[in-house]
Amino acid sequence: MTATERSWWWRCAGAGLIVILVSLYFGMIPNIEGCAPDIGADNLGSIIAFELVRTPVDVAALFGTPPCTEPFLAAMRHATWVDALLFIPAYSAFLICALIALRGYGGSLAGVGIAAVAAAALFDQVEGFWLFMIMDSLPGSQGEINWLIPAVRAKFALLGVGAICIGVLLTRHKGMGFVFGAIIALGGAATTALIVDDAYGALTIQGSAIAWLALFVVAFLYAIIRMNPRALVADVRSVD
């Protein structure tokens with residue numbers, strides 16, 4: 001591994017840490033689940049449930065009635081701003097840094113992945129715009145929601161493509177790179193499931209979480225031990 005590759009893995013791991021911390025922060029926002037203690041059988045959480053609404057009736061059910069609505073609305077606005085200003089840039093850097101680090105294993109495929117991630121981030125910002133528009137005039141109009149629906153699904157599909165590209169490139173490594181690459185590619189494939197049917201929302205979220213967590217681990221390992229399985233095994237044996 002060259003010094004340049006390793007520096008990109010350091011950047012990837014750093015961005016991944018931010019992604020994890022922000023993901024945890026979303027769940028800590030006060031009142032973020034205030035009006036929706038039980039959001040469907042899949043329990044996707046209020047933020048994802050808001051992204052997946054299809055009608056103003058869905059929005060009205062999610063945001064409930066006073067006195068719950070106002071604090072929940074404030075929490076959702078806060079989450080949407082954090083998403084736009086911090087989470088989207090962080091996950092974009094996380095995935096793109098990995099793809100840049102892997103260019104030597106397939107420049108064209110890495111380019112496809114970078115384009116997919118960049119497009120996903122753009123769709124995510126468009127999604128946020130329509131979420132704000134809906135919140136400005138609760139429960140929003142069907143026309144606004146009709147713009148939101150394709151943006152959300154395109155975002156997840158493109159993020160899945162980006163993860164698949166990373167996974168395939170990693171499988172061209174020996175040792176643990178192959179194993180983690182397979183996990184990331186499968187997680188990426190699951191992330192695209194939402195474009196088939198809304199019933200696969202939970203699978204989409206779980207696939208994305210698995211792929212991103214696996215990528216964070218492999219990025220950290222590449223940055224710290226240069227992903228040299230033989231050296232790692234030798235060190236473990238010497239300790240024993």
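The values are calculated or read from the model by the stated rules, or taken from the named source; none is laboratory data. Treat the numbers as computed from the prediction; the structure is a model and nothing was measured. Every residue, glycine among them, receives a Cβ derived from its backbone with ideal geometry; neighbour counts consider all protein chains shown. Keep in mind that these areas ignore ligands, DNA and RNA; they rest on the heavy atoms of the full protein, side chains included. Shrake-Rupley method; radii C 1.70, N 1.55, O 1.52, S 1.80 Å.
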(request) For Gly104, state whether it is within 19 Å of the chain's Cα centre (by Cα), under 26 Å from Ile210 (Cα atoms) and part of a helix (DSSP H, G or I). (result) no
(message) Quick check on my filter: what residues within the stretch 48-63 are farther than 23 Å from Thr191 by Cα and of a type in the set (A, V, I, L, M)?
(response) Val57, Val59, Ala60, Ala61, Leu62
(message) For the structure I just gave you, tell me whether Ala101 is open to solvent by 50 Å² or more (accessible area, probe 1.4 Å) and of a type in the set (A, V, I, L, M).
(response) no
(request) Considering each of Ala157, Ala199, Ala163, Ala121 in turn, give the residue that is buried (at least 19 other Cβ atoms within 10 Å of the Cβ) and over 30 Å from Met1 (Cα atoms). (result) Ala157
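Residues are listed down the side, and each one gets a yes or a no for (1) surrounded by fewer than 20 Cβ atoms within 10 Å (Cβ to Cβ); (2) of a type in the set (S, T, N, Q):
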position	(1), (2)
Thr55	yes, yes
Thr65	yes, yes
Glu70	yes, no
Met76	no, no
(message) I'm told Ala60 meets every condition in (1) over 25 Å from Ser92 (Cβ atoms); (2) modelled with pLDDT under 90 except one. Can you identify the failing condition by its number?
(response) (2)
(message) Being of a type outside the set (A, V, I, L, M, F, W, C) and not in a helix (DSSP H, G or I): is that true of Pro139 here?
(response) yes
